[in-house]
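Step one of this worksheet: look at the structure below.
The values are calculated or read from the model by the stated rules, or taken from the named source; none is laboratory data. Just so it is clear, the model here is predicted, and its values are computed rather than measured. Cβ placement follows ideal geometry from the backbone for every residue including glycine, while neighbour counts extend to all protein chains displayed. Side chains included, ligands, DNA and RNA excluded: accessible areas come from the protein's heavy atoms. Shrake-Rupley method; radii C 1.70, N 1.55, O 1.52, S 1.80 Å.
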Amino acid sequence: MEQDKRPPMFRHRYMAHAFGGYQGYKYTNTKEAFAHAIACGFRCLETDLFLTTDDQLVCSHGFKEEECLNCGLPYEPWYKTEMTREKFLALQIHGMHTADAFFLYEKMKEYPDLYLEIDMKRLNAEKATRYATRLVETFAHDEEALGRLLIQINSEKMYEAIDAVYHFPYYQFNVVRKRYEAGQLGDILSYCKEKGICAVALKGEYASAENIACVKAAGLSLLVYAIDSRKRAEMYLARGADTICTNYIDLFWGQKGIDPEEIEALYQEYHKEPVQQNKIVFSNFHGAGFGCNPKYIALALLEQKTENLDLVWLSRNPDTEVLPEGMRTVFFHSREAIREIATARVLVENQMKFPGFVKRKDQFLVQAWHGAIPLKKLAMDNPKNRFDREYATRLDTNMKQTDLILSNSNFCTDMFRRGFEYTGYILKEGAPRNDLFLKDMASFKEQICDMLHIPYEKKLFLYAPTFREGNGLDTYQIDYNKILEQLGEDWVILIRLHPHIQKKAGFITYHERIINASVVPDMQQLLAAVDLLVTDYSNIMFEYMLTKRPCILYATDVEEYRKERDYYFEIDALPFPLTTTTDELVHAITVFDQESYEQKIEAFKKKVGLHETGQAAEKTAQIILQMIKEQDFTFQGSNASLEKKHVAKVCAARRKCIVLIWRILKRIVRYSRKPQNDR
């Protein structure tokens, strides 16, 4: 089927099941899940609808005991007989807020590019009529919004009953197990063609190559659900499925990546093409969403309103990536990405992760990095990396190809020189993502409160720890309710766990005052919104201190973590109070001395030579524009305030010496352990 003839919802390769299942929870259909799916770039979402006892549609899988257990709703016998819309909306699922059809209609109006698949389960004709009537009434007979719904039906009688109430433009026939096993797929396809039903839904176990071919031969779109495996999703898409319905909206979705062995040959091929002087390619954490320092540099470039810039964002989710006007997206692990990289004038990234990058002489690589001042030792400063030959080689290759690194302090500049063994140019204007901390931050609180459905007058407490090797959870056991009891009704706790452990967040019970903040896509905007930060070893402490708002450390494993990563600073000498128990944390909050805290922050800023100007993104954008405009651009001829240091080969020699000593010691130990007669 030609793409332009497919129904619009099937032009999206992925659909968020039950609003995305919210990090893997099934059938949640909650407001937070919806916000998370939207923030991740999904514009095609599936939801379940169920009729309450007062004849209102709510986003629910049902109220029988088994159905409640499936979706995480604590079951009560009265659910089946007394579940009104008001009672349902007062309930929570996994600590998240429930939703109804009115919520759906409001979101359809808010997002004109949003499509919803409506699953009303297996209904007889009478119930199907009631459901359809209430749906049309709730949507105020709005033909535009109703025209963006995909109505999933499970039988001919259900379709006829719904269509008699309102002729929805798009229907999808869900082939249930009994009908599939009875060999009725061919009959269903014929019925769909006869009635103008546009699509069929199959479970993964039925989506064989033969069945998919049958559906496509009938001229119908095909959805396969609920697939939570990247490999399986790719397999069904390769077979011809149009869309995959998934619970896990944060997994790495997209086209099949290219073989690493092909990369060198591809660079050789694409290097035959001329460099496009106006092209700038961006990457954030090897294909993550629109964020971090590259995001703010891209936005600064867009603000310059320079004509004919070609701004390319490399993404793992190109079909769902939401970018500002003036940018385009390409799948990160693809031939197209290699071509974009090979023909770009400027490359901007933050983690040394362009796949197999081979630089051309007329290209510039800007290393924006992904943090500011670190607590944990990095690169060759980290003892674990000093004996890792593969890491050292990769680091050396990346640093030799880098033309400019961004720094926000004397400390970071020295770290890049020493730990990264970098000898090129450094722009010391700050971290682009931190510019917002030096501007008016009031609007960010309003945005975050709206996103998380929090009254604006509430004070926001953010707990944002880093992860541990092994992703253990013992160190995150804070008594949140005790903290709220001490702080009072004015406070709400937001919890944002590291992405490595977010999928294990079920150990936390969320409710209206303990809220999962992982739905917020931009960490800097979240930091700009909150009134208090609690973290452990995360570098965000050094960024949040720019707000001068209270930051407190809660860490129960200081010595253990020191052995894991080692620190640049003594943790108990930082400006931030260190606590190890919930009681200590509560006490630190209640006796917090703001004046003393600000004095310590100023002393720390002087110690590290902090230089956050609030113009880092703008200054970087100006240099990039010079690279674009001047065919023979050189840093020496630019008016940028840059620093270059031709470091002697001391660092490299030191590393070689350490590796040599390490090899000698290993041989001595190996020899000493041999039996005498084997020597």
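Would you mind finding the one in K107, K178 that is touching a Leu at 6+ places or on another chain (Cβ under 9 Å), modelled with pLDDT under 95 and either under 24 Å from I244 (Cα atoms) or assigned to a helix (DSSP H, G or I) (or both)?
K107
Here is a list of conditions, (1) part of a loop (DSSP other than H, G, I, E, B); (2) within 24 Å of E336 (Cβ to Cβ), and K231 meets all of them except one; can you say which number that is?
Only one criterion in (1) part of a loop (DSSP other than H, G, I, E, B); (2) within 24 Å of E336 (Cβ to Cβ) is unmet by K231, namely (1).
Looking at (1) in contact with a Leu (Cβ under 8 Å, 6 or more places away or on another chain); (2) open to solvent by 30 Å² or more (accessible area, probe 1.4 Å); (3) modelled with pLDDT under 90, find the lone condition where P465 falls short.
Unmet for P465, out of (1) in contact with a Leu (Cβ under 8 Å, 6 or more places away or on another chain); (2) open to solvent by 30 Å² or more (accessible area, probe 1.4 Å); (3) modelled with pLDDT under 90: (2).
Considering only strands (runs of 3 or more DSSP E) fully contained in the range 308-378, which possess at least 1 residues that are open to solvent by 10 Å² or more (accessible area, probe 1.4 Å) and free of Cβ contacts under 8 Å to residues at least 40 places away in the same chain? Give the derivation first.
Numbers: elements: 310-315, 327-331, 344-349, 364-367.
Of the strands (runs of 3 or more DSSP E) lying wholly inside the range 308-378, those with at least 1 residues that are open to solvent by 10 Å² or more (accessible area, probe 1.4 Å) and free of Cβ contacts under 8 Å to residues at least 40 places away in the same chain span 310-315, 327-331.
Among the residues of the range 76-90, is there at least one that is open to solvent by less than 10 Å² (accessible area, probe 1.4 Å), part of a helix (DSSP H, G or I) and among the small types (G, A, S)?
No.
Evaluate the following for S641: is it open to solvent by less than 80 Å² (accessible area, probe 1.4 Å) and at pLDDT below 95? Give the steps one after another, and end with the answer.
Working: open to solvent by less than 80 Å² (accessible area, probe 1.4 Å): no; at pLDDT below 95: yes.
Answer is no for this residue.
Go through the range 186-203 and report how many residues are surrounded by fewer than 19 Cβ atoms within 10 Å (Cβ to Cβ) and part of a helix (DSSP H, G or I).
Count: 7.
Could you look through the range 409-430, keep only residues that are open to solvent by less than 10 Å² (accessible area, probe 1.4 Å) and under 12 Å from A617 (Cα atoms), and pick out the one that is farthest from the chain's Cα centre (by Cα)?
L427
Go through V520, V558 for me and flag whichever is at pLDDT below 95 and open to solvent by less than 10 Å² (accessible area, probe 1.4 Å). Outline the logic, then answer.
Numbers: V558 fails: open to solvent by less than 10 Å² (accessible area, probe 1.4 Å).
After applying the criteria, what remains is V520.
Among the residues of the range 197-207, count how many are over 31 Å from the mean Cα position of the chain (by Cα) and free of Cβ contacts under 8 Å to residues at least 12 places away in the same chain.
The total comes to 0.
For the range 280-307, which positions are open to solvent by 30 Å² or more (accessible area, probe 1.4 Å) and among the small types (G, A, S)?
Result: G289, single match.
Would you check if there is a residue in the range 593-611 being part of a loop (DSSP other than H, G, I, E, B), under 33 Å from the mean Cα position of the chain (by Cα), modelled with pLDDT of 90 or more and closer than 29 Å to K377 by Cα?
yes
Suppose we filter the range 379-408 for residues that are farther than 27 Å from I623 by Cα, among the basic types (K, R) and assigned to a helix (DSSP H, G or I); how many remain? Full working, then the answer.
Residues of the range 379-408 farther than 27 Å from I623 by Cα: 380-393.
Still in the list and also among the basic types (K, R): 384, 386, 389.
From the residues that got through so far, the ones that are assigned to a helix (DSSP H, G or I) too are 384, 389.
Residues flagged as farther than 27 Å from I623 by Cα, among the basic types (K, R) and assigned to a helix (DSSP H, G or I) within the range 379-408 amount to 2.
Quick one: count up the residues across the range 30-75 that are touching a residue at least 24 places away in the same chain (Cβ under 8 Å), assigned to a loop (DSSP other than H, G, I, E, B) and not hydrophobic (A, V, I, L, M, F, W, C).
Going through the range 30-75 one residue at a time, the tally reaches 12.
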